[in-house]
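> Please find one structure pasted underneath; my questions will follow.
What follows is calculated from the coordinates using simple rules that are stated; it is not laboratory data. Here the structure is a predicted model, which means the values were calculated and not measured. Reconstructed Cβ throughout: ideal geometry from the backbone, glycine too, with neighbour counts over all protein chains shown.
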Amino acid sequence: MQTPSALSASSAAAHSERPALPMFVSAGDILTDLVRTDGPHWTSHPGGAGWNVARAVARLGVPTAFAGAIGVDCFSDDLWRASDAAGLDLRFLQRVPRAPLLAIVHRTHPPAYFFIGDASADLAFDPESLPQGWTGAARWAHFGGISLARAPLSATLSRLAAELRAQGVRISFDPNYRNVMEHGYRPMLETMTALADLVKVSDEDLRCLFGTDEDTALDTLRAMNPAATVLVTRGSGAATLIAPGETIAAMPPRVEVVDTVGAGDASIGGLLFSLMQRPERGWRDHLAFALAAGAAACRHAGAHSPSLDEIVALLE
């Protein structure tokens, strides 16, 4: 059996043979969800909003990387294997001898959770160790999730986003509200919104981030960057896309919902794919693709990354 270090080295060697650098990079949270299933029984799942977005875009065929750091433990081995299986560029996934970041989900309906990882591996992410020349290949970079509420990683990522934007890389931002953002998150929200070309929020994000009704919250968010395109999703309700000079509302496709976990990550992944691969299309088509991606994810348990065929079938 290969040791974690040997596993890491052999997979990285295989991936390092790829000459091309990724077109899309997501730099956010990567963690393990420990979910109570029945009394004293728990199950673990690789997860993290930023990582889910990377998997969603990679599944659709875009050369993609998740940029972050994991440990050298059993949970991190699972994350490494899952990243490899998803086709992510492993040159961007760093391994450091620190404890893993865990989300302890002790109740699922309604969700109740907390995080363990005060000095965990994710906080040690070092952008200086990423492959040389990667910023010249990237067209879009995505940020969000609890990574932007965890110092010192939050400062590292906000600096990286600013540097990428200055080099012409387009920035996507999804705050993806969690309870760690309850206090002290507003400055980071303002910073990342101001840097973003695209902001994705849910109706729940708006209520929790601003503590007001949705309309007031959306006005406040848009005032932080009037030039940004904003996508607001509302579960099975109508979504709204606000682009400069154009506002579009649309219903997501109706599907039999198995699980909504990761649907928002699939929708922003779908939107980014559409923008990168079909830039000539209008915002209405981009929105339709994003909503179909989110709906397709809901047809499966867990944070499913839908294939292009699954999404197109819903569009038809």
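> Two decimals is fine: what's Rg over Rh for region 255-316, C-alpha atoms, Kirkwood radius as Rh?
So for region 255-316, dividing Rg by the Kirkwood Rh gives 0.97.
> Can you bin every Cα-Cα distance in region 25-131 into 5 Å intervals starting at zero and give me the percent of pairs per bin, rounded to whole numbers?
Percent of pairs per bin, in order: 2, 13, 23, 24, 18, 12, 6, 2, 0.
> Another question about this same structure. How big is the antiparallel share of DSSP beta bridges in region 130-281, given as a percent to the nearest 5?
Antiparallel bridges make up about 40 percent of those DSSP assigns within region 130-281.
> Oh, and also: Between ALA85 and ARG107, what is the spin-label point distance in nm, taking each point 7 Å from the Cα along the Cα→C-beta axis?
Computed distance between label sites ALA85 and ARG107 equals 3.1 nm.
> With a cut-off of at most 11 other beta carbons within 10 Å, and DSSP calling the residue loop, which chymotrypsin sites (Phe, Trp or Tyr not before Pro) in region 224-311 qualify? Please list them.
none
> Also, I was wondering about something else. Using θ = phi - 60° and the Karplus relation 6.51 cos²θ - 1.76 cosθ + 1.60, list the HN-Hα couplings for region 148-153 in order, rounded to whole Hz, with x at every Gly or Pro.
Residue by residue, region 148-153 yields 8, 10, 10, 6, x, 4 Hz.
> In the neighborhood of ASP219, defined by Cβ-to-Cβ distances under 15 Å, what is the net charge if each Lys or Arg adds +1 and each Asp or Glu adds -1?
For residues surrounding ASP219, the net value is -4.
> What whole number of Å gives the distance from the Cα centroid of region 94-143 to the Cα centroid of region 20-49?
A separation of 9 Å, based on Cα centres.
> Could you work out how far the C-alpha centroid of region 146-164 sits from that of region 230-309, in angstrom?
For region 146-164 versus region 230-309, the Cα centre distance is 26 Å.
> If you restrict to DSSP beta bridges whose two residues both lie in the chain, what percentage is antiparallel, to the nearest 5?
So the antiparallel bridges amount to about 45 percent of the total.
> Over region 209-309, what is the relative contact order in percent, taking alpha-carbon pairs closer than 8 angstrom and at least six residues apart?
Result for region 209-309 is 25 percent.
> Peptides 42-49, 243-250: what's the order by average Cβ count within 10 Å, highest mean first?
Going by the mean number of other Cβ atoms within 10 Å, highest first, we get 42-49, 243-250.
> What percent do you get for the relative contact order of region 96-229 when only Cα pairs under 8 Å and 6+ apart count?
Numbers: 175 pairs, mean separation 23.4, N = 134.
RCO, region 96-229: 17 percent.
> Where does the charge balance sit around VAL230 when Lys and Arg score +1, Asp and Glu -1, over other residues with C-beta under 9 Å from its C-beta?
Around VAL230, the surrounding residues sum to +2.
> How high is the FRET efficiency from ASP126 to ALA162, r the C-beta distance, R0 25 Å, rounded to 0.05?
Once rounded, the FRET efficiency stands at 0.90.
> Okay, helix-only estimate at 222 nm for the chain: each DSSP H run of n ≥ 4 adds -39500 (n - 2.57), divide by all residues, round to 500 deg cm²/dmol; what do you get?
Using -39500 (n - 2.57) per qualifying helix, the result is -11500 deg cm²/dmol.
> Next question. Quick one: work out Rg over Rh on the C-alpha atoms of the chain, Rh as Kirkwood radius.
A ratio of 0.94.
> Once fully extended, how much extra length lies between VAL255 and HIS41, figured as 0.36 nm per residue of separation less the alpha-carbon to alpha-carbon distance?
74.0 nm
> Related question: What percent does the relative contact order of the chain come to when contacts are Cα pairs within less than 8 Å and at least six residues apart?
15
> Which order do the peptides 30-40, 188-198 come out in when sorted by mean C-beta neighbours inside 10 angstrom, highest first?
Ranking, from highest mean packing down: 188-198, 30-40.
> Just to check I understand the Karplus step: with θ = phi - 60° and J = 6.51 cos²θ - 1.76 cosθ + 1.60, what whole-Hz values come out for region 172-177, glycine and proline as x?
Values, residue by residue: 10, 9, 10, x, 6, 3 Hz.
> Show me, for region 185-202, the HN-Hα J-couplings you get by feeding each phi into the Karplus relation (A = 6.51, B = -1.76, C = 1.60, θ = phi - 60°), rounded to Hz, glycine and proline as x.
For region 185-202, the Karplus curve yields 8, 4, x, 5, 4, 5, 4, 6, 5, 5, 7, 7, 7, 9, 10, 10, 9, 9 Hz.
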